[in-house]
Amino acid sequence: MPQPLSLDQLEQTALATLSAVGDGPGLEAWRIEFLGSKGKIKAAMGGIKDVPGPEKPAFGARLNAVSKVLEEAFAARQLALGSSAVRDAGPQLDLTEPGSVVSHATGRGHIISRVREELVEVFARMGFAVAEGPELEDDEHNFIKLNIPPGHPAREATDNFYIDEPAVAGGKARAPRMLRSQTSTVQARVMQARVAEGGGQLREPIKIVSPGRVYRPDTVDATHSFMFHQIEGLCIDRGASMVDLKATLLHFARAYFGSEAEIRLRPTFFPFTEPSAELDLKVRLRPDQPVRWMELGGCGMVHPNVLTSCGIDPQQWQGYAFGFGIERLAMGKYAIPDIRMLYANDLRFLQQS
Ligand code: DAH
């Protein structure tokens with residue numbers, strides 16, 4: 001029959017050793033030897049199974065008592081050694097430890113805002129100032145001043161976000177209001193304002209770009225949205241010609257897309273320009289893509305009716321205008337396959353770039 005462990009002996013040895021401990025590391029070594037998870041008290045607990053049945057309760061009680069004595073003695077010794085033990089246990093503050101890396105989410109401009117700023121900057125270098133106009137417009141500026149008369153198909157209620165009932169509001173003094181469907185509205189507003197400033201006449205050339213939101217009730221899909229952004233350009237000057245327009249657009253294309261960019265004008269119709277053209281851009285948008293033609297927007301020479309309706313004499317002043325979709329440019333430049341990604345506010349998308 002195995003001899004039961006002598007708990008008295010264990011207790012005496014432990015206490016004797018403890019009183020000889022003089023520093024932190026020694027104290028820790030003692031703790032591990034006697035009170036640790038593989039220490040002698042744990043071993044004695046494991047020995048209970050070898051103690052004869054009738055003696056088990058007494059053995060268990062004595063073991064608990066010894067364990068308690070040793071724990072208290074340990075705590076007392078720790079206290080007695082005090083700060084010197086702590087100091088001897090090694091440096092508590094390691095000044096060489098690398099700092100923890102905390103990732104702060106940094107904000108950044110949305111792609112549309114960034115492209116818009118880039119465009120404005122390129123045009124600013126060509127002498128274009130920024131002009132803004134209201135998103136809540138009236139049909140006077142969205143259509144009438146732009147040579148889009150009543151009854152024109154572009155004015156259909158199904159193609160525009162009217163705020164007022166056209167029939168009802170038409171009977172009132174105020175033109176029916178709408179969310180603007182194009183930034184060309186700003187052309188009309190700027191021309192009118194400059195004529196008003198000039199006391200009824202245009203006195204200086206106009207050279208502006210106007211970026212902003214436009215609204216159309218299109219069904220949302222990969223390339224359409226009920227809200228998107230355009231940038232409009234307008235230059236009114238004596239003798240401004242189609243050559244100036246083309247030179248400006250080519251210069252813009254090369255400044256923004258690189259010196260290899262080409263442009264192409266295809267004849268088309270817009271009510272507010274004559275002649276009118278579609279503007280295409282030939283560019284390699286990314287190194288891994290082939291060169292291709294991409295449709296950018298419309299342009300042309302400002303129609304004499306538009307100049308007249310804004311109080312400018314078309315015999316003295318001529319002008320050119322252009323308008324592009326900013327989403328289309330951004331999607332081309334950053335290979336974004338779906339316009340909805342631009343508005344979904346998905347951080348995985350927004351944090352790229
Ligand atoms: N406003 C036209 C559109 O939304 C784009 C446009 C075409 C603007 C020709 C212009 C222009 O200034 O001259 O489709």
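Arranged by the count of other C-beta atoms within 10 angstrom, fewest first, what order do 339, 231 take? Working shown, then result.
On the way: 339 19, 231 23.
Ordered by Cβ neighbours within 10 Å, fewest first: 339, 231.
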Checklist line | Total lysine pairs whose alpha carbons fall under 20 Å of each other in the chain (8 or more apart, or interchain) | finding: 13
Next item on the list: With no solvent and one equal point scatterer placed on each C-alpha of the chain, evaluate the Debye formula and give log10 I(q)/I(0) for q = 0.11 Å⁻¹, two decimals.
Entry: -0.83
Next item on the list: Tell me the label-point distance for the pair residue 223, residue 17, using the 7 Å Cα-to-Cβ offset, in nm and rounded to one decimal.
Entry: 8.3 nm
Checklist line | Cut-off 12 Å, label 7 Å out along Cα→Cβ of residue 264, residues of segment 283-309 by amide N | finding: 283, 292-296
Next item on the list: Rounded to whole Hz and in sequence order, give me ³J(HN,Hα) for segment 21-33 from the Karplus expression 6.51 cos²θ - 1.76 cosθ + 1.60, θ = phi - 60°, writing x for Gly and Pro.
Entry: 5, x, 8, x, x, x, 4, 5, 4, 5, 4, 5, 5
Item checked: Residue-wise HN-Hα coupling along segment 269-275, computed from phi with Karplus coefficients 6.51, -1.76, 1.60 (Hz; x: Gly, Pro) -> 10, 10, x, 9, 10, 7, x
Next item on the list: Along Cα→Cβ, 7 Å out, is where each label goes; now give me the distance between the ones at residue 126 and residue 193 in nm to one decimal.
Entry: 2.1 nm
Next item on the list: Subtracting the Cα-Cα distance from 0.36 nm times the residue separation, let me have the gained length for residue 118 to residue 349 in nm, one decimal.
Entry: 81.2 nm
Margin query: Could you give each residue of segment 109-126 its phi-based ³J(HN,Hα) in whole Hz, using Karplus coefficients 6.51, -1.76, 1.60 with θ = phi - 60°, and x for Gly or Pro?
Written below: x, 5, 4, 5, 5, 5, 4, 4, 5, 4, 5, 4, 5, 4, 5, 4, 5, 9
Next item on the list: List the residues whose amide H sits under 5 Å from the amide H of residue 296, counting only those 5 or more places along or on another chain, with H placed 1.01 Å from N in the peptide plane.
Entry: 279, 280, 281
Next item on the list: Could you calculate the contour length gain from residue 110 to residue 72, that is, 0.36 nm times the residue separation minus the distance between their Cα atoms, to one decimal place in nm?
Entry: 7.3 nm
Notebook entry, point to check: Given 0.36 nm per residue, what is the gain on full extension from residue 203 to residue 37 after removing their alpha carbon distance, in nm?
Noted result: 50.4 nm
Next item on the list: Tell me which residues come under 5 Å, amide H to amide H, from residue 229 once H is placed; ignore anything under 5 positions away on its chain.
Entry: 214, 326, 327
Checklist line | Cα pair distances in segment 195-304, grouped into 5 Å bins until the bin that holds the longest one, percent each | finding: 2, 10, 15, 19, 19, 16, 10, 5, 2, 1, 0, 0
Checklist line | Which of 248, 273, 308 has the fewest Cβ neighbours within 10 Å, and the rest in rising order | finding: 308, 248, 273
Margin query: Looking at segment 4-88, I'd like the Rg to Rh ratio, where Rg is from alpha-carbon atoms and Rh is Kirkwood's inverse mean 1/r.
Written below: 1.05
Next item on the list: Return the long-range amide H neighbours of residue 110 (sequence gap of 5 or more, or a different chain), with a cut-off of under 5 Å between placed amide H atoms.
Entry: none
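Where a number appears in this text, it was derived from the coordinates with a stated rule and is not lab data. None of these values were measured; they are calculated from a predicted model. FYI the Cβ positions are ideal-geometry reconstructions off the backbone, even for glycines, and counts take in every protein chain you see.
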